[in-house]
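Notes to accompany the following structure.
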Amino acid sequence: MTVDVELLETLTQMPESLKQEVLHYAKYLNEKYSHSYTEEKPKKRRIIGSMKGTFNLPLPKDFDAPMELLDAEQKAALEKKYSYGSLAGKIMMSDDFDEPLEDLKDYI
């Protein structure tokens, strides 16, 4: 059974007041989402992490330039500079990290 047929059968069994509510809700949904089916979504212009650091105001004219227009040096500056293991030895945990907390001993 298609959705249209099932929807029509369900609507015919409803009282008039509920049909009116369903009609209002259907119109609302149609208005809210009709543009998302017809319009093309805007293209993302920046990659994650490309905005790291501080801003110097006023911003340069090429601040909002798409990634395709950047030269190789600018793209290399935006690439991730960390690799696996680059933070080794920089994070320390106490020896009793996995031990139960004093405050929660009553619940164990």
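The values are calculated or read from the model by the stated rules, or taken from the named source; none is laboratory data. Only a predicted model underlies this, so the values are computations on that prediction, with no experimental measurement involved. Cβ coordinates were reconstructed from backbone atoms using ideal geometry, including for glycine residues, and neighbour counts include every protein chain displayed.
Let's see how each residue does on (1) at pLDDT 65 or above; (2) surrounded by 10 or more Cβ atoms within 10 Å (Cβ to Cβ); (3) in contact with a Pro (Cβ under 8 Å, 6 or more places away or on another chain):
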residue	(1), (2), (3)
Val5	yes, no, no
Leu8	yes, yes, no
Thr12	yes, no, no
Ile48	no, no, no
Pro66	yes, yes, no
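Taking the range 78-97 as the range and being in a loop (DSSP other than H, G, I, E, B), at pLDDT below 80 and not small (Gly, Ala, Ser) as the test, the residues that pass are Glu79, Lys80, Lys81, Tyr82, Tyr84, Leu87.
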